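Student: Sharing a structure below in structure tokens format, with a few things to ask.
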Amino acid sequence: MQSFEAKLANLNCSIHGLEILYVNIGQNGTNKRALCKQCRCNDIQLHRNYLNEVVQDYFEKRRKEAIKLIQKLQFEFNRKYEQIQGLLEKIKEMFDSKIKEFSEKEFLNDFQEKYFGWGMLSLKDVEDLGMMLSKDVEFQDDQVTIKEIDFKSNDLEECVEVLQIVLGELEELNINQEKLVKLDISLPKYEREISQLDLSKDEDMVGVVTLNQDVDIWNLQTMKKTVLKGHDDIINAIIFSRFSNSLITGGREGTIKVWKCEGKWIIHDILIGHDDWITALAIGNQDQLIASASNQEILIWQYKSDHYIKVQKLQGHSDSIYSLGFLCSWKYLISGSYDKTVRLWDSKEGQWNFKQQFYYHSDKVQSIACSNNTVFGSCSWDQSIRLYDQMTDDTYDCIQVLYGHQGKVYQIQFNHDSKILYSCSHDNTIKIWSQLQTNFWECFYEIKQDFHIKFIGVRKNRLISSNYYEIYVYKQEQIN
């Protein structure tokens, strides 16, 4: 019996009238089809176009799955704005690159290099073409589907590793709302607006100043209140020492009072040097230094012979200063102002000098927080928190922006070992941030209240917060 190939030997294509050069063999050796050169060119081009469409559809599906995964992670990480968005874009780029590589290199290039000379194809060449395609493509009932592809991109694997690290560390934090931060005490509601508050170093006292001339000291064990009198006008600033049983307050009459508790609270020293409201205070060098701000000026006070002496005036801000902090064991002083800037001052041979100014915020800077290492932070009415660290050339620069608050950020504070950062905002929340191994600070917990949160105070086992008239005390045994 004459073979199928022999029958075609002296025939021309019924469509194009050209010599039969190809035999299209089906996947199981059936459905043989005689093709001329033009038929085969059209057939290859048709399959090439169809394969490209299938590849595009496949990767679009994979891309959408990747985007859904990242969006889910974004939600779990409390809107990990910059990091997750960056990873998302990187993964998209990897998929786009793979689409191009897969469609152009593995298919088009192979077709063009090996099968461009259609007139020279043999039956063996056609079989080789089918074998090559079968590695990644399946033919069934005239339909083409792409098999699962193993991605081996080092960049993509690196992105996945970063995500796994973040997930693992968040799991290790063992977040439990009942144990993490639990409301312990609510102090009696105030009739006058609260101006400022702070928590003592032993966590057993809360100092509160309102729109009057008194200082309220609450004993959290007995819930008894002691009222300190001594200022002649409303008190704007209050801060407990981290090293002793001392308390410092600043009033609108321009004076600063240093209180000490020796069985009872007494005024140990009165500092006179400002002409207007005291808006910010800071204590450094184990109570040996005090920095105070009024309007646009800063005064430095040094402890000598049982009293504080004014040693220097610092100027440079163009609007009122509302936050101060000593950094790196009082080597640096940080100031934040309503002029939207943060200034860094350094001390050399007993003299304080301006070193740097940061213009990153787009609205008033409300609070400064200094860690016990080289990092400090600033928060602003622009709803952001910025973290700064020392560079290799001994200068400072912003290393990360923390987004998440939906209102003005009023205050930030580090905990006792500077591993946790707290922030409070006009959006009725307190956010708790932690630094992961990726060197990014992440918000891993949030306290929601029914009112704007103006002030916070943080120690190892306690957290206090207040709006305009109420104060809440929390226990936080599992954070540190």
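Student: Points 7 angstrom from Cα along the Cβ direction at residue 64 and residue 397: gap in nanometres?
Tutor: 4.2
Student: Moving on to the next point. With a sphere of radius 12 Å drawn around the Cβ of residue 356, what net charge do the other residues whose Cβ falls strictly inside it have (Lys, Arg +1; Asp, Glu -1)?
Tutor: Details: positive: 343, 355; negative: 346, 393, 394, 397.
Net local charge, residue 356 excluded: -2.
Student: Using a Förster radius of 51 Å, what is the FRET efficiency between residue 374 and residue 57 based on their Cβ-Cβ separation? Nearest 0.05, please.
Tutor: On the way: r = 52 Å, r/R0 = 1.01.
Approximately 0.50, to the nearest 0.05.
Student: I've got another one for you. So which of 313/364; 313/340; 182/364 end up more than 25 Å apart by C-alpha? Please report the intermediate quantities before stating the final value.
Tutor: Numbers: 313/364 23 Å; 313/340 21 Å; 182/364 32 Å.
Result: 182/364 exceed 25 Å.
Student: Measure off 7 Å from each Cα along the Cα-to-Cβ vector at residue 359 and residue 389, then give the distance between these two points in nanometres to one decimal.
Tutor: Using points 7 Å along Cα→Cβ, the separation is 2.6 nm.
Student: Would you please put 212-224, 275-287 in order of how densely packed they are, using the mean number of other Cβ atoms within 10 angstrom per residue and starting with the highest? Could you put the intermediate results ahead of the total?
Tutor: Details: 212-224: 15.5, 275-287: 19.4.
Descending packing order for the listed peptides: 275-287, 212-224.
Student: What is the gain in length, in nm to one decimal, between residue 309 and residue 261 on full extension, counting 0.36 nm per residue of separation less the C-alpha to C-alpha distance? It would help to have the intermediate numbers written out before the result.
Tutor: Working: separation 48, 0.36 × 48 = 17.28 nm, distance 2.13 nm.
Result for the pair: 15.2 nm of gain on full extension.
Student: Another one. Under 5 Å between amide H atoms, partner at least 5 residues away or on a different chain: which partners does residue 308 have, H built in plane at 1.01 Å?
Tutor: Residues meeting the amide H criterion: none.
Student: Going by amide H atoms built from the backbone, whose H comes under 5 Å of the H on residue 366, apart from near neighbours?
Tutor: Hits under the 5 Å cutoff: 379, 380, 381.
Student: How large is ³J(HN,Hα) for each residue in the stretch 330-341, as worked out from phi by the Karplus curve 6.51 cos²θ - 1.76 cosθ + 1.60 (θ = phi - 60°), to whole Hz, x for Gly and Pro?
Tutor: Each residue's phi maps through the Karplus curve to give 6, 5, 10, 10, 10, 10, x, 10, 6, 7, 6, 10 Hz.
Student: Further, regarding this structure: How do 227, 342, 311 line up, fewest other C-beta atoms within 10 Å first?
Tutor: Lowest count first: 227, 311, 342.
Student: With the cut-off at 22 Å, tell me which of the pairs 454/475; 224/408; 224/260 have Cα atoms farther apart than that. Kindly include the intermediate steps, with their values, before the conclusion.
Tutor: On the way: 454/475 19 Å; 224/408 33 Å; 224/260 18 Å.
Too far apart for the 22 Å limit: 224/408.
Student: Under the Karplus relation 6.51 cos²θ - 1.76 cosθ + 1.60, θ = phi - 60°, what is the ordered set of whole-Hz ³J(HN,Hα) values for the stretch 406-423, x standing for Gly and Pro?
Tutor: 10, x, 3, 9, 8, 7, 10, 8, 7, 7, 5, 10, 6, 8, 10, 10, 10, 9
Bear in mind these aren't lab numbers, they're just calculated from the coordinates by the rules spelled out. These figures come from a predicted structure and were not determined experimentally. Cβ atoms come from the backbone with ideal geometry, glycine included; neighbour counts cover every protein chain shown.
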